[in-house]
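Okay, so here's the structure we're looking at.
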Amino acid sequence: MSGPLSGRVALVTGAARGIGRACAVRLAEQGADLVLLDIGVVSRLATVPAALAGADELSGVAEQARAMGRRVVSRFVDVRDADALRAAVRAGVDALGSVDVAVPAAVVRSSGGAWTMTESQWRAVVEVNLTGVWQTAKAVAPVMVRQRSGSIVFIGSDPERPPEAGHAHLAAAKHGVWGLARSFALELAGTGVRANSVDPGPLDGAGQAAVADAVLYLASDEARGVTGSSILAGPA
């Protein structure tokens with residue numbers, strides 16, 4: 001099965017579930033080979049109440065992509081670890097030949113008052129949801145600049161959407177991603193590398209599909225002249 005991304009390689013973080021998984025599957029459906037990254041068993045976050053994705057979830061996405069005929073590199077990586085991210089990018093390039101699309105979708109959540117949450121709660125969310133996004137983009141940018149082509153699609157949040165009580169750290173990180181995407185677009189201008197963001201509102205299964213469709217558009221040649229933009233995504 002061919003598609004608009006045939007012959008290209010997409011790297012997705014947080015690929016085992018949620019938006020990351022939806023994006024990985026959509027890109028594979030449209031022809032992309034994949035570098036799939038998720039935290040798996042390499043780290044645990046004590047202040048994040050929800051269980052992190054397991055090894056079986058990441059392998060399930062890889063198997064789904066391989067069943068479509070896609071080549072896949074799958075690794076357990078904590079996006080806070082710059083060395084591990086760079087190693088994963090090198091592994092992807094060595095095995096698949098390039099990294100043409102990057103979707104930094106890894107995210108964790110917890111709840112706590114803006115003035116009562118612990119420092120460890122703040123750090124866990126901000127370091128994964130913002131610093132990890134920066135680390136991912138930083139790891140792929142040199143490869144894309146050398147190729148003179150690439151698309152980094154950040155996953156932010158609707159900047160007009162009011163923050164929810166108990167999620168100041170998440171709001172700060174997601175608004176930071178919105179600015180980070182535009183900073184990368186500005187600094188990569190003229191290199192052939194584009195940077196944009198998909199900024200969802202409230203999400204459910206249909207919302208994840210809408211985000212994946214927007215990511216596909218920004219990854220494809222249909223958006224070859226688009227950089228520094230934001231696409232609001234959610235159920236119609």
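Structural remarks
- Kyte-Doolittle at least 1.0, axis length at least 20 Å by Cα - qualifying DSSP helices, the chain: 205-219
- Per-residue ellipticity at 222 nm from helix content only, as computed over the chain with -39500 (n - 2.57) for each DSSP H run of at least four residues, stands at -13500 deg cm²/dmol.
- The base-10 log of I(q)/I(0) for the chain, evaluated at q = 0.11, 0.12, 0.16 Å⁻¹, reads -0.49, -0.59, -1.09 [Debye formula, identical scatterers on Cα atoms, solvent excluded].
- Over region 163-235, the pair-distance histogram of Cα-Cα distances with 5 Å bins from zero comes to 3, 16, 21, 22, 20, 11, 5, 2, 0 percent, rounded to whole numbers.
- Our summary of shape: the Cα atoms of region 159-199 have principal axis extents of 41, 14, 10 Å, ordered from largest down, in whole angstrom.
- Here the chain is assigned +1 on the Cβ of each Lys and Arg and -1 on the Cβ of each Asp and Glu. Its dipole about the Cα centre then comes out at about 460 debye.
- Net length available on complete extension from Asp213 to Ala87 is 42.5 nm, with 0.36 nm assigned per residue and the Cα-Cα distance removed.
- The charge dipole of region 63-172, taken about its Cα centre with unit charges on the Cβ of Lys, Arg, Asp and Glu (plus for the first two, minus for the last two), comes to roughly 480 debye.
- Amide H within-cut-off set for Val73, under 5 Å, with H built and near neighbours excluded: Leu34, Val35, Leu36
- Using C-alpha pairs below 8 Å separated by at least 6 residues, the relative contact order for the chain is 19 percent.
No value in this document is a laboratory result; all are computed from the given coordinates. Computed from a prediction, not measured in an experiment: that's the story for all the values here. Please note: Cβ atoms are built from the backbone with ideal geometry, for glycine as well, and neighbour counts cover all protein chains shown.
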